[in-house]
Structures are given as structure tokens and as C-alpha cells.
Amino acid sequence: MNLLEEIRTREAIDIENVEKIDLEIGPVASTAAAIKEPKIGVEGKFSVWFLAALALTEGNVTLDKFTDEKVNHPALVRLQKKIETKLDPRIGFGARLCIKMKDGTEYKDFLAKPKGDPDNPLTFEQLAEKYRNAAILSISQEKIETLIEKIKNLEDIRDMNEIVALTVKE
């Protein structure tokens, strides 16, 4: 979904003007995210159509967005119906994308390796942001920021219990 997030940021696409999205994916996405019309939040995690629509609409896919309300949001449901997927086993974990707009404009892109792959690593700040988005569901913002700072300076930690204590829900 990195590819859709990047295109959204770069092109400022108005989803109401999308005519069609062609998305070529590899075998893992094709089988692990095969729920075409999710009805409950948890099913959204396993729907390449929902994930693609969410990434293009909102710019990022975070755990807090896998709700029943979100997977049934009319704009996201409409956009999902415009997405056609095709399996290309050569792609692996990457993706190829073509967004066709109602005015005839096309946005095309290819991502060989997703963000986080050893060949396309996350920066520390990108990793910290991913952690923030996941951890906020369990621990306070203050603990999250303290933990990130401690990890930045891990060599200064004398007792790992300092870090473990920050991961415990209050």
C-alpha cells in the first residue's frame, strides 16, 4: 500500500474523479488479502481492495482504521469497486499500479520492494511513526515518546527493565 500512499501524496488525487484502478500484486497479497468486500473491521486487514482504497483516500493505513464503520464507509466502498487486481507472481511483495481518472489522466507507478524490506528500509523516523500508530492503542503518548528516545540511545541503557516498564499498559 506504500505505492498508493506515495501517489496520493505526490499527485493529490481526488478519489471522486477516479474511473478505475488496475493493481498488479504478488502471490502473498493475492492470497493473504483476498476478501473482496469486507464487512467488519478485522476483515479490512485481509482485503487488498480495502487497503488500497484506504491508502489512496487517507494517505496511510494504520491499525486504528480497521473498524466496522471504516470498512463500510460509502466513499471507500465505492472506490473499492473501481479496483481490479491481477496476480503477477514475478512481483513478489511489490506492486504495479495504474490509476485512470475520469478526465483520461493516468498515474502509473511500480514498487519492487515495499517499505521495510531490507532493500527498501524504513528510516528511524518512519519506523518510530509506525510504532506510534500501533502503540497508541495500548500505551500513553508520553510512554511512546519516552520509549522512542530510549531506543535511539539504546547503548546508554543499563537495565532493560527501563524499556520493558514503558511497554506496560497503565
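The base-10 log of I(q)/I(0) for the stretch 1-74, evaluated at q = 0.18, 0.28 Å⁻¹, reads -0.70, -1.40 [Debye formula, identical scatterers on Cα atoms, solvent excluded].
How much of the pair distance distribution for the stretch 1-128 lies past 22 Å, counting alpha-carbon pairs only, in percent?
So the pairs more than 22 Å apart make up 33 percent of the total in the stretch 1-128.
To the nearest 10, the accessible area of Lys150 is 60 Å² with a 1.4 Å probe.
Given Lys65/Lys115; Lys86/Lys115; Lys20/Lys108; Lys36/Lys130; Lys39/Lys65; Lys36/Lys86, which pairs have Cα atoms separated by over 24 Å? Show your work: numbers first, answer last.
Values: Lys65/Lys115 20 Å; Lys86/Lys115 21 Å; Lys20/Lys108 12 Å; Lys36/Lys130 26 Å; Lys39/Lys65 13 Å; Lys36/Lys86 13 Å.
Flagged as over cut-off: Lys36/Lys130.
Taking the Cα centre of the chain as the origin, how large is its charge dipole in debye, to the nearest 20, when only Lys and Arg (+1) and Asp and Glu (-1) carry charge on their Cβ atoms? If you can, show how the numbers build up before the last one.
Values: 26 positive and 31 negative charges, 120 e Å.
Once rounded to the nearest 20, the dipole reads 580 debye.
Charged neighbours of Arg90, selected by a Cβ distance under 15 Å, balance to +1 (K, R count +1; D, E count -1).
How do Met101, Met160 stack up against each other in accessible area, from largest to smallest, with a 1.4 angstrom probe? Intermediate values should be presented prior to the final figure.
Values: Met101 20, Met160 105 Å².
Listed by decreasing accessible area, they come as Met160, Met101.
Against the chain, whose longest principal axis comes from its Cα atoms, helix 2-11 is set at around 70 degrees. Where a ≥ b ≥ c are the square roots of the eigenvalues of the C-alpha gyration tensor, would you call the stretch 56-143 rounded, which needs a/c under 1.5, or, failing that, prolate if a/b is larger than b/c, or oblate? Verdict is oblate for the stretch 56-143.
Reported to the nearest whole Å, the Cα centre-to-centre distance from the stretch 5-61 to the stretch 67-103 is 4.
Cβ under 15 Å from Pro27's Cβ, Pro27 left aside: what net charge do those residues give with Lys, Arg +1 and Asp, Glu -1?
Working: positive: Lys86, Arg90, Arg96; negative: Glu24, Asp88.
Net charge in that neighbourhood comes out at +1.
The values are calculated or read from the model by the stated rules, or taken from the named source; none is laboratory data. Fair warning: this is a prediction, and the values are worked out from it, not measured in the lab. Methodologically, a virtual Cβ is constructed for each residue, glycine included, from the backbone with ideal geometry; neighbour enumeration extends over all protein chains shown. With ligands, DNA and RNA removed, areas are computed over all heavy atoms of the protein, side chains included. Shrake-Rupley method; radii C 1.70, N 1.55, O 1.52, S 1.80 Å.
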